[in-house]
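*Asks:* Before anything else, here's the structure in question.
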Amino acid sequence: MSQNATFTRRKVLKTLAAGAAAGAALGFPAIVRGQGAKIKIGLMLPYSGTFSIYGESITNSFMMAMKENAGKFGGREIEYIRLDDESDPAKATDNINRLVTRDKVDVVIGTVHSGVAAGMLRITKESGVMHIIPNAGLAQATGALCAPNIFRTSFSNWQAGYGMGAVMANRPQAKNVVTLSWRYAAGEESVKGFKDGFLKGGGKIGKELWLPFPNVEFQPLLTEVASIKPDAVYSFIAGAAGAKYMKDYVAAGISKNIPLIGPGFLTEGLLDAAGGAAEGIETVLHYADGLNSKRDNEFRLNYAKTFKLQPDVFAVQGYDAGLLLVAGLAAAKGDVTKRKEMIEGMRSAKIDSPRGPWRLSKAHNPVQDMYLRKVVGKENKNMGIAIKALDDDPSVMALCKMGA
Ligand code: PHB
């Protein structure tokens, strides 16, 4: 795509104040901007395509957390620059370069799609710009490409997969499971997590079925599932496509005999769109409906009042990205150039999240409780903790050499 076409897609919420623009353009030392200027935050998220619903949830709640906690960083003014990444990995490098090199943002929040996040990481790792990932679960972010300035407030794809695998390993009636997923980093890592949890219990994977992201031609694969007759199907399919998948699954006539299971992304935020097709689906995720904690109830009420929408896990992850950044800014007294203080503040933060309190691992990934959920009506109902304080895949953590 031409540069111009991309620029027209950018939605700049507020334009640069003339003085700050001139300062940045003249290349003044960062310290000058750090002390007086606004804090510039680039939101690189999907605002179109199958994951656009997530981009909106994350943006809403991130801004809500920043607003609620403005006093903790001296009420410094914030300028948000919003960029639609279209969940397109081919455009990731150009898009992140615009935010880092041209707009000179202090912090980047992004993104949802693991393939796009991979492109972002290469630039943020090299440039050292503060980067908080509010969704994408790719292993590299907190594995081989980990860095002091890169943080994640969501999950690794492996975590929810492993949780569901561990649940199934304890069910003697589920011996043969077929996986059916999008073939890209998120799907592959989710399936690996499932197998790591499930196979130790003596189960087997009947077949791995794949389709490319963001394809939605599920029918031929579901016909294959019907002929294999496994005990369950584990799927990483998400976003608007997830609702179609659940409907196709029911239409294929297999849902009564072959339960569909997955990481919570399969059903999260999609129960209205799926109609009754999601009923009874079990998933594992780091969030659920009906946690009924004081913190979660308060968050849900505020979110619903502000946005006239029910929050989902994506809203929680965006909110926590705000809380994590606030912890960094508070430690640096609002001065984004105090990088060491900011990083220390974030590393040591205990996030009082609606999902339950969590901390970061040494690789900067949340260590968190994973909930078993079951769709009942319009809820991903909490069925209890599947695994407490789950860290990331040990084989991935071993690849993280953080350095200074
Ligand atoms: C990812 O690409 O890492 C991803 C995307 C959507 C989800 C979860 C993970 O719902």
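*Asks:* Antiparallel DSSP bridges in the range 229-370: what percent, to the nearest 5?
*Replies:* Counting DSSP beta bridges with both partners in the range 229-370, the antiparallel share is about 40 percent.
*Asks:* Still on this structure: Among residues other than Pro357 whose Cβ falls under 9 Å from its Cβ, what is the net charge (Lys/Arg +1, Asp/Glu -1)?
*Replies:* Around Pro357, the charge tally is +3.
*Asks:* Quick one: grab Rg to one decimal and Dmax as a whole number for the range 252-400, Cα atoms only, in Å.
*Replies:* 17.7, 59
*Asks:* Which peptide among 64-71, 348-355 comes first, and what is the full order, when sorted by highest mean count of other Cβ atoms within 10 Å?
*Replies:* 348-355, 64-71
*Asks:* Something else about it: Using the structure shown, list the pairs from Lys229/Lys378; Lys294/Lys350; Lys38/Lys338 with a Cα-Cα distance above 23 Å, or answer none.
*Replies:* Check vs 23 Å cut-off fails for Lys229/Lys378.
*Asks:* Pull up the DSSP beta bridges for the chain and report the antiparallel fraction as a percent, rounded to 5.
*Replies:* 35
*Asks:* Would you mind putting 368-375, 356-363, 268-275 in packing order, based on average other-beta-carbon counts within 10 Å, highest first?
*Replies:* 368-375, 268-275, 356-363
*Asks:* Let me check I've understood the local charge: for Gly165, count other residues with C-beta under 10 angstrom from its C-beta, Lys and Arg +1, Asp and Glu -1. What total comes out?
*Replies:* +2
*Asks:* Moving on to the next point. So what's the back-of-envelope 222 nm ellipticity for the chain, counting only DSSP H runs of four-plus at -39500 (n - 2.57) apiece and dividing by all residues, rounded to 500?
*Replies:* Value at 222 nm, helices only, nearest 500: -11500 deg cm²/dmol.
*Asks:* In whole angstrom, how far apart do the alpha carbon centroids of the range 252-323 and the range 104-148 sit?
*Replies:* 25
*Asks:* How would the chain be classified by its alpha-carbon gyration tensor: rounded, prolate or oblate, with rounded meaning a/c under 1.5 and the a/b versus b/c comparison settling the rest?
*Replies:* prolate
*Asks:* May I ask you to order 378-391, 252-265 by the average number of other C-beta atoms within 10 Å around their residues, highest value first?
*Replies:* Those peptides, ordered most packed to least, come out 252-265, 378-391.
*Asks:* Take the alpha carbon gyration tensor of the range 312-373, find the square roots of its eigenvalues, order them as a ≥ b ≥ c, and report rounded if a/c is under 1.5; if not, report prolate when a/b exceeds b/c, else oblate.
*Replies:* prolate
*Asks:* Lys and Arg at +1, Asp and Glu at -1: add these up for the other residues within a Cβ distance under 13 Å of Glu188 and post the number.
*Replies:* -1
A short reminder: the numbers here are calculations on the coordinates, not readings from a lab. Computed from a predicted model, the values in this text were never measured in an experiment. All Cβ positions, even for glycine, are placed from backbone atoms using ideal geometry, and neighbour counts span all protein chains on display.
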